[in-house]
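A.B. asks: What follows is a single structure, and I will ask about it in a moment.
The values are calculated or read from the model by the stated rules, or taken from the named source; none is laboratory data. On a predicted model such as this, the values are computed, not experimentally measured, just so you know. Don't worry about glycine lacking a Cβ; one is built from the backbone with ideal geometry, like all the others, and counts go over all protein chains shown. The accessibility values were calculated without ligands, DNA or RNA, using every heavy atom of the protein model including side chains. Shrake-Rupley method; radii C 1.70, N 1.55, O 1.52, S 1.80 Å.
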Amino acid sequence: MSATHLGMPAFPEAAGEAVGNPTLRGNLRHATHTIRAKRARAAAEVSDWAELREAGRRIKDHTLRHLDKYLVQLEEAVTAAGGTVHWAADADEANRIVTGLVRATGESEVVKVKSMATQEIGLNEALEAAGIRAYETDLAELIVQLAEDRPSHILVPAIHRNRGEIRDIFRAEMAGWGRPAPEGLSDSPAELAEAARLHLREKFLRAKVGVSGANFMVAETGTLVVVESEGNGRMCLTLPETLISVVGIEKIVPAWRDLEVFLQTLPRSSTAERMNPYTSMWTGTTGEDGPDTFHLVLLDNGRTDTLADEVGRQALRCIRCSACLNVCPVYERAGGHAYGSVYPGPIGAILSPQLRGTGSEIDASLPYASSLCGACYEVCPVAIDIPEVLVHLRERVAQGGQAVREGNKVVLRPSRGHAAERAAMRAARWAFARPGALRAGQRLASRTRRLHPRTLPGPGRAWSGTRDLPAVPAEPFRDWWQRTNGGKDTAK
C-alpha cells in the first residue's frame, strides 16, 4: 500500500492534538450524531435487517474463499463485453497503468468519481507528477481538493469542515481550478451546492477521460456498480470517451442477484436512504452509449496478504458504508486525520495495518485506537467483528509472529515499545499457571494496598496516564469465600 502521510505521528499523538480542537470536535459531534440517528431509523424500517446482514456476510465470505475463480470469471466477462482488464499488484503498478492509459489518449486532465481505491494508491499525485490534472467531482472531495486538505471520513470526506469554512474555501480557491465562486457567496447549503455545480459543469462537458472506482463488480456479467447521491458520478461515467475504473479485488460478488442484498443494506447504513438516488451500472462498452473505451484495473495492494489471515480477512467484507465511524466514540473525538490513512475509524484501524503492515509507528498504533466497546460490530451491515480483529492485531504488534507480506510467509518481530507489555503478560501467565503463587500475590497486594501508588511507574505510566488504577480489595476473593462459607455466613 502507498506510504502514510509524510511526518504522520502515531495515533495517540495525532489524536491528542485533534481532541484539543473544539471546532473540529463540534463539527464531528454534530455530523456523526445526525447520521447515526438517521441510519438507525432507516435500518429499523426493514423487518428482516438481521437476515440481510447475515446474507451479506455469507456472500462476502463465500466470495473471498473462491476469489481466484470469481476474478477470472470477471475478467472473461468484462473482456467479452468490450472492456480491457489490467492487474495491479501494488499502488505503483496501478498508478503506472492509469497514467499510461491517460497519456495514450493524448489528454492532460481527467474527471473523477469519488473513489477510496484511487486515494489509497495516491493516484491524483501520480497523475500530477505526469502532468495530468485530476478534478474531483464529488462535492465533499471537491472541498478537500480545493483546500489542499485530506479526507477525514469514508462517506463525507469533508465532515471536519463547517459551512463557513466551506464558503471561505470556495471564495479563495475555486478561481485557481476553473470557474470562480459567485460574488457574495454565502454559507447557505443551497448556494454552496450551486457554486460547486456551476464550477464542475464545464469540466464534465470538456473532459475526455473519466476515472472511477466501483462499489461492486458482478463476476457472472462483468457489470460494475457505482452508488452515489449527487449525480456527479453518472456524469463522469457516461460523458467521457474513455473510462478507467480502479477497483480493489475484494469488491466482487458472484452473481447479479447478490446485489439485491447490498443495494438494501448499503444506502441505509451509509446515507440513511432507502435507495441511493443514483445507481449506475455498466457492462463493457456498447458503441452507442457511454464511453467508447473501458479499462478495469484490478487492485491487490495488500489484499491477498490480508486474505491469508483467517481472522483479519473479514475486514475485506467491508462495503465502505462508514456506519462504524458514526458510532465510534474514538473517531467522534479524534477525527479521521489522526488515523494517517484514507481509511479512518474502526474499519481503518483494522484494514490499514493489514494492507500496509505494522512496520510504521502509525500502523502499529492503529489497533489500539479503540475502546473495544463493540458498537462498530453492532452496526456493520456485513457483520465484521472489528473488536475481534483489533485484539488479533494487537497481539501481532506486541508479540510478532507469522504473517504474509507481498505473498511470502514471514515472521514479524514485535514492534518497539511493547517490551514491558510482553513482560507483564509473561508474568501473568506464570502466576495464573501456579495457584499457590497467585494466592500469595493476591494476599500481599491486599495487605499493602494503602501503599499502592495512584499511577504506575516507568513504562506503566503510559497506561495509567489515562486510566484510574483499580482499587485492590481488603481481601482476595478466595479468602472471602473460605471465610464466609461461600457467602452463606453473610446471608445470615
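A.B. asks: Can you say what percent of the DSSP beta bridges in the chain, counting only those with both residues inside, are antiparallel? Round to 5.
C.D. replies: 35
A.B. asks: Taking the Cα centroid of the stretch 299-333 and of the stretch 204-222, what is the distance between the two, rounded to the nearest whole Å?
C.D. replies: A separation of 23 Å, based on Cα centres.
A.B. asks: Can you list the residues of the stretch 341-365 with backbone N under 17 Å from a point 7 Å past the Cα of Val19, pointing along Cα to Cβ?
C.D. replies: 345-346, 365, by backbone N distance to the label point.
A.B. asks: If the chain between Glu194 and Asp489 were fully stretched, how many nm would it gain, using 0.36 nm times the residue separation less the Cα-Cα distance?
C.D. replies: Taking 0.36 nm per residue and subtracting the Cα distance, the gain is 98.6 nm.
A.B. asks: Using the heavy atoms of the protein chains and a 1.4 angstrom probe, tell me the accessible area per residue for the chain in square angstrom.
C.D. replies: 48
A.B. asks: Now for a different question. If you take the beta carbon distance between Trp480 and Arg333 as r and set R0 to 35 Å, what does 1/(1 + (r/R0)^6) give as a FRET efficiency, to the nearest 0.05?
C.D. replies: After rounding, the FRET efficiency stands at 0.35.
A.B. asks: Which residues among the stretch 81-115 fall inside the zone where the amide N is under 19 Å from a point 7 Å beyond the Cα of Thr238, along Cα→Cβ?
C.D. replies: 111-114
A.B. asks: Taking a Cβ-Cβ separation under 4.7 Å as the criterion for a possible partner, which cysteines of the chain have none?
C.D. replies: Lacking a cysteine Cβ partner under 4.7 Å: Cys236, Cys318, Cys321, Cys328, Cys373, Cys380.
A.B. asks: At 1.4 Å probe size, with the rest of the protein present, what percent of the exposed accessible area of the chain is carbon and sulfur atoms?
C.D. replies: The nonpolar share, carbon plus sulfur, comes to 51 percent.
A.B. asks: Can you work out ³J(HN,Hα) from phi for every residue in the stretch 235-251, in order, using Karplus 6.51 cos²θ - 1.76 cosθ + 1.60 and θ = phi - 60°, giving whole Hz and x for Gly and Pro?
C.D. replies: So the J values, rounded to whole Hz, are 5, 5, 7, 10, 7, x, 7, 10, 10, 10, 10, 10, 9, x, 5, 7, 7.
A.B. asks: Let me check I've understood the local charge: for Ser446, count other residues with C-beta under 12 angstrom from its C-beta, Lys and Arg +1, Asp and Glu -1. What total comes out?
C.D. replies: Result for the neighbourhood of Ser446: +4.
A.B. asks: Moving on. Under the rule of -39500 (n - 2.57) per DSSP H run of 4 or more residues, summed and divided by the residues of the chain, what mean residue ellipticity at 222 nm is obtained, to the nearest 500 deg cm²/dmol?
C.D. replies: -14500 deg cm²/dmol
A.B. asks: Once Lys and Arg get +1 and Asp and Glu get -1 on their Cβ, which of Leu52, Phe170, Phe11 lies farthest toward the positive end of the dipole of the chain?
C.D. replies: About the Cα centre, the residue reaching furthest to the positive side is Phe11.
A.B. asks: Calculate how large, on average over all directions, the projected area of the Cα convex hull of the stretch 361-486 is; give the answer in nm² to one decimal.
C.D. replies: Seen from a random direction, the Cα hull of the stretch 361-486 projects 11.8 nm² on average.
A.B. asks: Please give the contour-minus-distance gain from Lys38 to Ser229: 0.36 nm per residue of separation, less the Cα-Cα distance, rounded to one decimal in nm.
C.D. replies: Value of the extension gain: 67.2 nm.
A.B. asks: For the full complex of protein chains and a 1.4 angstrom probe, list Glu13, Glu421, Glu120 by accessible area with the highest value first.
C.D. replies: The residues order as Glu13, Glu421, Glu120, largest area first.
A.B. asks: Next question. Mind running the shape call on the stretch 115-185? Use the C-alpha gyration tensor, a ≥ b ≥ c as the square roots of the eigenvalues: rounded below 1.5 for a/c, prolate if a/b tops b/c, oblate otherwise.
C.D. replies: The shape class here is oblate.
A.B. asks: How big is the antiparallel share of DSSP beta bridges in the stretch 193-342, given as a percent to the nearest 5?
C.D. replies: Expressed as a percentage, antiparallel bridges in the stretch 193-342 total about 40.
A.B. asks: Distance from the Cα centre of the stretch 66-85 to that of the stretch 463-492, in angstrom?
C.D. replies: That distance is 63 Å.
A.B. asks: Output ³J(HN,Hα) for the stretch 180-187: one whole-Hz value per residue in order, computed from phi by the Karplus curve 6.51 cos²θ - 1.76 cosθ + 1.60 with θ = phi - 60°, and x for Gly and Pro.
C.D. replies: Taking θ as phi minus 60°, the curve returns x, 5, x, 4, x, 4, 9, 9 Hz for the stretch 180-187.
A.B. asks: Ok, one more. How many angstrom lie between the C-alpha centres of the stretch 99-123 and the stretch 352-408?
C.D. replies: 30
A.B. asks: As I understand it, the dipole of the chain uses +1 on the Cβ of Lys and Arg and -1 on the Cβ of Asp and Glu, about the Cα centre. Which of Tyr278, Thr34, His295 lies farthest toward its positive end?
C.D. replies: In the chain, that residue is Thr34.
A.B. asks: Can you compute 3J(HN,Hα) from phi for each residue in the stretch 30-47, using the Karplus curve 6.51 cos²θ - 1.76 cosθ + 1.60 with θ = phi - 60°, rounded to whole Hz and x for Gly and Pro?
C.D. replies: 4, 5, 5, 5, 5, 5, 5, 5, 5, 5, 4, 5, 5, 5, 5, 5, 9, 5
A.B. asks: Given H placed on each backbone N at 1.01 Å, which residues far from Phe216 in sequence or on other chains put an amide H within less than 5 Å of it?
C.D. replies: For Phe216, whose amide H was placed from the backbone, the distant partners under 5 Å are Val225.
A.B. asks: Please compute the contact order of the chain in relative form: average sequence separation of alpha-carbon pairs under 8 Å and at least six residues apart, divided by the residue count, as a percent.
C.D. replies: It comes to 19 percent, rounded to a whole number.
A.B. asks: Stretch Asn162-Arg449 to full length: gain in nm at 0.36 nm per residue minus the Cα-Cα span?
C.D. replies: 98.3 nm
A.B. asks: Related question: In terms of modelled amide H atoms, which long-range or inter-chain residues lie less than 5 Å from the amide H of Val211?
C.D. replies: Distant-sequence amide H within range of Val211: Val111, Lys112, Val113, Ile244.
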